[in-house]
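The values are calculated or read from the model by the stated rules, or taken from the named source; none is laboratory data. These numbers were taken from a predicted model, which means no experiment stands behind them. Note: ideal-geometry Cβ built from the backbone for every residue, glycine included; neighbour counts use all protein chains shown. Calculation scope for accessible area: heavy atoms of the full protein, side chains included, ligands and nucleic acids excluded. Shrake-Rupley method; radii C 1.70, N 1.55, O 1.52, S 1.80 Å.
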Amino acid sequence: MDKKRVFSGIKPSGDFTIGNYMGALVNWVASQDEKENIFCIVDLHSITVPQDPKEVKRRNLEFAKIYLAAGLDPKKSAFFIQSDRPEHSELTWILNCFTYFGEASRMTQFKDQYREKKKNVTVGLFDYPVLMAADILLYDTDEVPVGEDQKQHVELTRDIAERMNKKFDKLFTIPEPIIKKTGAKIMKLGEPTKKMAKSDVNPNNSIYLRDNAETIRKKFSRAVTDSDNKIKFDKAKKPGISNLLNIMSVATDTPIPQLEKKYASSNYGQFKSDVADSVIEMLAPIQAKLAEYDKNEDYVLKVLRDGAETVAPRAQAALKRVKKAVGLGI
Ligand code: TYM
């Protein structure tokens with residue numbers, strides 16, 4: 001049987017967090033052997049909000065190092081920088097013309113950011129989910145492994161693809177979002193009712209992939225919890241403890257009920273210290289490999305160049321098919 005094709009991406013808009021690792025990257029690595037894999041570093045998405053160009057460039061390379069260090073194998077997974085494949089932007093324009101203003105206006109991530117910023121919100125930020133749809137549809141993707149926050153965007157992708165399939169007969173493969181039960185929504189350490197995010201101005205809310213052991217311990221020791229001293233999973237009543245259980249569950253690959261049992265008579269101090277240790281242990285081999293790739297950036301750049309070349313025929317064929325269906329070009 002043919003392997004299912006997987007596509008996913010991460011945007012280099014801030015430093016890589018354990019939220020990105022636990023919600024996305026770790027799952028990509030885990031299913032790498034069973035699937036045909038395409039992973040992207042979506043720099044075009046990152047410029048939907050203001051960026052320092054030097055930082056975007058630095059993070060493109062940094063995220064590729066993280067993909068490699070976390071275990072993505074270039075022989076099994078193609079990965080590349082989104083803007084190195086012009087088909088993404090071109091397909092976006094065409095999809096724009098089949099996406100309704102009303103449905104794009106309902107995207108909660110856009111609405112939240114619009115409410116927060118109000119001023120200088122770009123058309124690019126509004127159009128971001130359509131660019132994401134183009135990423136996915138260009139590769140006849142079957143599965144899109146993401147965190148919870150991206151579900152609505154994959155649903156919009158499906159709606160656009162189904163609409164165009166009705167009009168143009170089997171133009172696109174309809175993708176499925178793949179969202180794991182644990183790790184799909186890691187929360188801020190200091191505000192556990194909000195999603196941990198790369199763009200957070202307060203670095204104490206996030207654990208970054210390069211954080212050292214001391215920093216990780218300090219951040220977890222300050223994590224917001226509650227006052228009833230029971231280590232139990234209850235998202236509504238105990239968001240802080242539930243978040244820490246979730247993190248430890250992914251870091252140690254242990255189901256949450258088993259952790260609740262283990263820590264039934266522990267205090268929060270001990271628990272937080274063990275959560276920190278589990279994350280330090282999870283990150284140690286990744287950090288060791290990152291240090292190796294730091295010394296071998298030419299290799300990382302070659303992997304990215306090769307990845308963009310490997311995926312080119314598929315992207316070009318899909319774009320050609322769409323242009324022909326819509327009646328574009330000579
Ligand atoms: P981005 O860069 O915000 O996040 C990358 C991936 O990490 C997941 N994620 C989280 N998971 C758990 N807890 C968190 N706190 C957390 N924060 C982020 C996200 O769900 C995502 O899977 N638009 C996308 C990138 C993208 C994409 C695509 C994804 C562009 N094109 C095509 C899939 C397919 C984004 O900005 O993700």
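Roughly speaking, to the nearest percent, how much of the chain's 1.4 Å accessible area is carbon and sulfur? List each step's numbers first, then the result.
Details: 8560 of 16550 Å².
The computed percentage sits at 52.
Rounded to the nearest 0.05, what FRET efficiency is calculated for LYS75 and LYS295 with R0 set to 22 Å and r the Cβ-Cβ distance?
Working: r = 21 Å, r/R0 = 0.97.
Computed FRET efficiency for LYS75 and LYS295: 0.55.
Suppose every K and R has +1 on its Cβ and every D and E has -1 on its Cβ; what is the size of the dipole of the stretch 203-292 about the Cα centre, in Debye to the nearest 20? Walk me through the numbers on the way to the answer.
Values: 14 positive and 11 negative charges, 57 e Å.
Dipole about the Cα centre, nearest 20: 280 debye.
To make sure I understand the rule: partners must be lysines, Cα under 25 Å from the Cα of LYS289, and not fewer than 8 residues away in the same chain. Which ones qualify?
LYS11, LYS35, LYS54, LYS57, LYS65, LYS75, LYS76, LYS198, LYS218, LYS219, LYS302
Leaving out ligands and nucleic acids, note down the accessible area per residue over the stretch 203-292 with a 1.4 angstrom probe, in whole Å².
Working: 4620 Å² over 90 residues.
For the stretch 203-292, the solvent-accessible area averages 51 Å² per residue.
Hey, what's the Cα Rg ratio for the stretch 1-131 versus the globular rule of thumb, 2.2 N^0.38 Å? Provide the component values of the computation, followed by the final result.
On the way: Rg = 15.9 Å, N = 131, 2.2 N^0.38 = 14.0 Å.
Cα Rg divided by the expected 2.2 N^0.38 Å: 1.13.
What translational diffusion coefficient, in µm²/s and rounded to a whole number, does the Stokes-Einstein relation yield for the chain at 4 °C and a viscosity of 1.567 mPa s, taking the hydrodynamic radius as the Kirkwood radius over Cα pairs?
On the way: Rh = 20.8 Å.
Roughly 62 µm²/s, to the nearest whole number.
Among the lysines, which fall within straight-line cross-link reach of LYS262, defined as a Cα-Cα distance under 20 Å, with same-chain neighbours fewer than 8 residues apart omitted?
Here the lysines satisfying the reach criterion relative to LYS262 are LYS230, LYS232, LYS235, LYS238, LYS272.
Suppose the chain between ALA236 and THR193 were pulled fully straight at 0.36 nm per residue; how much longer would it get relative to their current alpha carbon spacing? List each step's numbers first, then the result.
Details: separation 43, 0.36 × 43 = 15.48 nm, distance 0.88 nm.
So the extension gain works out to 14.6 nm.
Along each of its three principal axes, how wide is the spread of alpha-carbon positions in the stretch 203-292, in whole angstrom units, largest first?
Per principal axis, max minus min of the Cα coordinates gives 43, 25, 21 Å.
Given the chain, what percent of its DSSP beta bridges are antiparallel, to the nearest 5?
On the way: 3 of 18 bridges.
The antiparallel fraction comes to roughly 15 percent.
Let a ≥ b ≥ c be the square roots of the eigenvalues of the Cα gyration tensor of the stretch 251-330; is it rounded (a/c under 1.5), or, if not, prolate (a/b larger than b/c) or oblate?
On the way: a/c = 5.83, a/b = 2.08, b/c = 2.80.
Verdict is oblate for the stretch 251-330.
So what is the 222 nm mean residue ellipticity for the chain from helices alone, if each DSSP H run of at least 4 adds -39500 (n - 2.57) and you divide by all residues, rounding to the nearest 500 deg cm²/dmol?
Working: 13 runs with 172 residues, N = 330.
Roughly -16500 deg cm²/dmol at 222 nm, from the helical runs in the chain.
List the residues, sorted by chain then number, that are 5 or more residues from GLU36 or on another chain and whose placed amide H is less than 5 Å from its amide H.
LYS4, ARG5, VAL6
On full extension of the chain, what length is gained from ASN229 through LYS323, given 0.36 nm per residue of separation minus the C-alpha to C-alpha distance?
Values: separation 94, 0.36 × 94 = 33.84 nm, distance 6.05 nm.
Net length gain for the segment: 27.8 nm.
Could you go through the stretch 224-240 in sequence order and give the Karplus-derived ³J(HN,Hα) for each residue, using 6.51 cos²θ - 1.76 cosθ + 1.60 with θ = phi - 60°, rounded to whole Hz, and x for Gly and Pro?
6, 10, 8, 10, 9, 6, 10, 8, 9, 7, 7, 4, 6, 8, 9, x, x
For the stretch 149-164, in order, what is each residue's ³J(HN,Hα) by Karplus, 6.51 cos²θ - 1.76 cosθ + 1.60 with θ = phi - 60°, in whole Hz (x at glycine and Pro)?
Once θ is set to phi - 60°, the couplings for the stretch 149-164 become 5, 9, 4, 4, 5, 6, 5, 4, 4, 4, 4, 5, 5, 5, 4, 6 Hz.
Tell me which residues come under 5 Å, amide H to amide H, from GLU176 once H is placed; ignore anything under 5 positions away on its chain.
Under 5 Å from the amide H of GLU176 lie the amide H atoms of GLU143, VAL144, each far enough along the sequence or on another chain.
Rounded to whole Hz and in sequence order, give me ³J(HN,Hα) for the stretch 102-114 from the Karplus expression 6.51 cos²θ - 1.76 cosθ + 1.60, θ = phi - 60°, writing x for Gly and Pro.
x, 6, 5, 5, 8, 5, 5, 5, 5, 4, 4, 5, 5
Beta carbons within 10 angstrom, averaged per residue: use that to sort the peptides 273-280, 240-247, 163-170, 301-308, highest first. Could you put the intermediate results ahead of the total?
On the way: 273-280: 21.0, 240-247: 24.5, 163-170: 13.4, 301-308: 17.2.
Packing order, densest peptide first, comes out as 240-247, 273-280, 301-308, 163-170.
What whole-number distance in Å separates the alpha-carbon centres of the stretch 1-73 and the stretch 179-206?
17
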